[in-house]
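The values are calculated or read from the model by the stated rules, or taken from the named source; none is laboratory data. Small disclaimer: the values here were computed from a predicted structure and weren't measured. Positions of Cβ are generated from backbone atoms using ideal geometry, with glycine treated the same way; all protein chains shown enter the neighbour counts. Areas reflect the complete protein model, heavy atoms only, side chains present, ligands, DNA and RNA absent. Shrake-Rupley method; radii C 1.70, N 1.55, O 1.52, S 1.80 Å.
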Amino acid sequence: MPAASPRPPQRIDGRTARSERTRAAIVEAHLTLLRDGDLRPTADRIAKQAGVSLRALWSHFADMEALFAASGKFTLEQRDEAHEPIPADLPLERRIEAYCHQRARLLEMIAPVAKASSLKEPFSPALQAYRRAHIDRVHDELQALFGREIGGDEHLLNALTATSMWPTWGTLRDAMDLDPEAARLALTRTIKALLTARD
């Protein structure tokens with residue numbers, strides 16, 4: 001008896017590709033709604049934005065927590081792609097300027113997601129994990145870029161990290177109503193003050 005013919009691999013590949021496109025469309029729809037100011041989009045609105053059925057959304061994501069996790073992962077990947085390494089051998093003044101210009105740009109990029117995440121994060125382990133990952137990235141970047149100035153001062157590193165995170169930027173931009181340039185100048189002054197302070 002001849003062996004059964006294997007299933008054509010292109011059918012599997014095509015199905016997988018369609019599934020990945022649908023999943024990506026749902027994540028992008030979620031992020032688009034956040035960027036447009038809909039900070040608590042429902043599954044129905046996300047599905048409509050993505051051009052898929054609600055059933056398709058739930059077939060790709062077990063619950064909203066899983067969608068938050070996928071959106072958080074994608075946002076971190078975008079942040080990493082947009083990040084440009086800063087040479088650690090530059091003079092301190094130039095390192096501070098380059099770092100604060102980049103932080104301002106990246107914080108503006110993630111602003112809609114960060115605002116939405118702040119509403120859900122206390123109840124979302126996925127969002128808490130991505131916040132922790134983002135903090136670790138900034139912490140490591142500061143240590144690499146300003147290691148000479150920081151030395152072993154963990155308190156200084158913590159202060160620099162907190163200053164560089166979204167809650168500080170959100171206060172400058174939203175609570176204080178500063179434009180991006182004014183917020184960047186405030187960030188730069190704070191980072192410079194911390195790095196050049198003498199006991």
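Using a Förster distance of 35 Å, how high is the FRET efficiency between S59 and E84, based on the Cβ-Cβ distance and rounded to 0.05? The pair S59/E84 has a calculated efficiency of 0.40.
When region 127-167 is described by a simple charge dipole with +1 on each Lys and Arg Cβ and -1 on each Asp and Glu Cβ, the residue from I150, T163, Q128 located farthest towards its positive end is Q128.
Each Lys and Arg Cβ is given +1 and each Asp and Glu Cβ -1; about its Cα centre, region 17-168 then shows a dipole of about 700 debye.
Compared with the alpha-carbon gap, the fully stretched path from E93 to R148 is longer by 18.5 nm at 0.36 nm per residue.
Taking the average, over residues, of other Cβ atoms within 10 Å as the packing measure, peptides 101-111, 17-27 rank 101-111, 17-27 from highest down.
Of all accessible surface on the chain at a 1.4 Å probe, what whole percent is carbon and sulfur?
On the way: 6430 of 11540 Å².
Its accessible area is 56 percent carbon and sulfur atoms.
May I ask for the net charge around A98, where only other residues with Cβ less than 13 Å from the Cβ of A98 are counted and Lys, Arg are +1 while Asp, Glu are -1? Once positives and negatives cancel, what remains is +1. Per residue, region 22-179 exposes an accessible area of 51 Å² to a 1.4 Å probe, with every protein chain left in place.
Please work out whether region 110-181 counts as rounded, prolate or oblate from its C-alpha gyration tensor, where a ≥ b ≥ c are the square roots of the eigenvalues and a/c under 1.5 means rounded, while otherwise a/b larger than b/c means prolate and anything else oblate?
Details: a/c = 2.63, a/b = 1.38, b/c = 1.90.
The shape class here is oblate.
Please compute the net charge surrounding A114, taking Lys and Arg as +1 and Asp and Glu as -1 over other residues with Cβ under 12 Å from its Cβ. That works out to +3.
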